Amino acid sequence: MTEDRLHIDWGIDKLYRTQRQVEKNPYDLESWSILLREAQSKHISEVRPLYEHLISIFPSASRYWRIYIEHEMKSRNFEKVEKVGNHTIVINKMITYRNTCFILTILCERLRISLSP
């Protein structure tokens, strides 16, 4: 994430350090939780890049999508809510399809059935 560095004015050194921690380790859920808590008190235009980056790392985490959409709704950005909501539906369909394929593959292996004709 070095070239995509988030430029958010947190105003508190602790939050800048937390952001740097997320930049070093994007899977640090504790640091993300701290940033999310603070982001919700800022205007969406200031923290939208944070949400976008978060959901790019955790695309199947519906909790993060919900928080992002609720923040957009709070700011009455209904076009953006619709766009993010549609993206969520596509991601969920892809995950469901992938999970279904995985389950079918396991089931066929256990039953010793070939998926190819």
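The values are calculated or read from the model by the stated rules, or taken from the named source; none is laboratory data. This is a predicted model, so every value here is computed, not measured. Cβ coordinates were reconstructed from backbone atoms using ideal geometry, including for glycine residues, and neighbour counts include every protein chain displayed. Calculation scope for accessible area: heavy atoms of the full protein, side chains included, ligands and nucleic acids excluded. Shrake-Rupley method; radii C 1.70, N 1.55, O 1.52, S 1.80 Å.
Residues that are at pLDDT below 90, among the basic types (K, R) and more than 21 Å from I8 (Cβ to Cβ) are absent from the stretch 53-69. If the condition is being open to solvent by less than 30 Å² (accessible area, probe 1.4 Å) and of a type in the set (F, W, Y), then the stretch 18-75 contributes W32, Y51, Y64, W65, Y68. Total residues in the stretch 24-45 satisfying the condition of being closer than 15 Å to E70 by Cα, charged (D, E, K, R) and in a helix (DSSP H, G or I): the figure is 2.
Quick check: anything in the stretch 91-99 touching a helix residue (DSSP H, G or I) at 6+ places or on another chain (Cβ under 9 Å) and either open to solvent by less than 80 Å² (accessible area, probe 1.4 Å) or at pLDDT below 90 (or both)? Yes, because at least one residue in the stretch 91-99 is touching a helix residue (DSSP H, G or I) at 6+ places or on another chain (Cβ under 9 Å) and either open to solvent by less than 80 Å² (accessible area, probe 1.4 Å) or at pLDDT below 90 (or both). What about S41, is it among the polar types (S, T, N, Q) and within 15 Å of E72 (Cα to Cα)? Answer is yes for this residue.
Here is a list: S31, S45. Which entry is on the phi < 0 side of the Ramachandran plot, within 15 Å of the chain's Cα centre (by Cα) and modelled with pLDDT of 85 or more? Break it down stepwise before answering.
Working: S45 fails: within 15 Å of the chain's Cα centre (by Cα).
None of the other options fit; the residue is S31.
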